[in-house]
Amino acid sequence: MSLPAAAPPSIRVAVVVERVAAPNAWEAWNFRVAEVTPDAGIFGAAPRLLHDDGKTSRWLHPGFTLELHADECKGYFLNLTSGHPSWFVSWRGREDDPSALEVTAVSVSYIEADRRLAADEQVESLPLEPELCEWLQAFTNAHFRPETARKVRAQSFLSPQEREQQAARLKAARGDEHG
């Protein structure tokens, strides 16, 4: 009998989006992701208006589950080592209502953010809180296996003596004693 696979580590979050009406002569609406906040399930499932003063409004988009997966660790590693660990929130405008948007995902993976940009979604980043950096770092440390260095081939323009010297340097660098 096999045991069911353990659920991946996860947290639930909500996204707060700020919308500005007629921010300039060229745009009817401007959107900005303002915050990613914990979601304990009390916000419901549908986006809802938090504030509207006629010019600027804030909308809460609840119900996003961020799951960590071992096969995404390279993206987590890139985020953590960027100097500015971030949330990546992707969204797209709604065709049926240009004054609204649809938040499509919340991630902490650089690679996933890049995939979403390539799919023509908007991706905004916000600073990742230190306690979440620690959580992400612990998972990444436990599961990330950097790619091994690939064998460097001798370059055809090197002389035979230079190729031998290069091979000897590579052997020494790897600690090879027998060749």
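The numbers here are math on the coordinates, done by the rules we state, and not lab data. Owing to the predicted nature of the structure, the values given are computational and were not obtained by experimental measurement. For neighbour counting, all protein chains shown are included, and Cβ atoms are generated from backbone atoms with ideal geometry for every residue, glycine included.
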### 222 nm mean residue ellipticity, helices alone, for the chain (DSSP H n ≥ 4; -39,500 (n - 2.57); rounded to 500)
-8000 deg cm²/dmol
### Query
What base-10 log of the normalised intensity I(q)/I(0) is obtained for the chain from the Debye formula, alpha carbons as equal point scatterers, at q = 0.10, 0.11, 0.19 Å⁻¹?
-0.57, -0.64, -1.26
### Net charge dipole size for the chain [Lys, Arg +1 and Asp, Glu -1 on Cβ; Debye, nearest 20]
720 debye
### Query
Can you list the residues of the range 6-20 with backbone N under 14 Å from a point 7 Å past the Cα of HIS84, pointing along Cα to Cβ?
none
### Query
Between ALA34 and residues 5 or more places away or on another chain, which pairs have amide H atoms under 5 Å apart, with H built 1.01 Å from N, and which residues are they?
VAL16, VAL17, GLU18
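Once the piece of chain linking ARG145 and ASP71 is laid out straight, how much longer is it, given 0.36 nm per residue of separation minus the C-alpha distance between them? Intermediate values should be presented prior to the final figure.
Values: separation 74, 0.36 × 74 = 26.64 nm, distance 0.98 nm.
Contour length minus the Cα-Cα distance gives 25.7 nm.
Using a 10 Å cut-off around each Cβ, can you sort TRP135, TRP87 from fewest to most neighbouring Cβ atoms?
Working: TRP135 16, TRP87 22.
Going from sparsest to densest Cβ surroundings: TRP135, TRP87.
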### Message
Using amide H atoms built in the peptide plane, which far-off residues or other-chain residues are under 5 Å from ASP39 H to H?
### Response
ARG12, VAL13, ALA14
### In Hz, Karplus ³J(HN,Hα) per residue of the range 65-71 (6.51, -1.76, 1.60; θ = phi - 60°; x = Gly, Pro)
9, 9, 9, 9, 10, 4, 6
### Task
Name the residues whose placed amide hydrogens come within less than 5 Å of the amide hydrogen of THR104, ignoring near sequence neighbours (fewer than 5 apart) on the same chain.
SER90, TRP91, ARG92
### Query
Which distance in nm do the two modelled labels at GLN161 and GLU35 give, with both placed 7 Å along the Cα-to-Cβ direction?
7.0 nm
### Task
Convert each backbone phi in the range 43-58 into a coupling constant with the Karplus relation 6.51 cos²θ - 1.76 cosθ + 1.60 (shift: θ = phi - 60°), then list the ³J(HN,Hα) values in order as whole Hz, x for Gly and Pro.
8, x, 10, 9, x, 9, 6, 9, 7, 7, 10, x, 10, 10, 10, 10
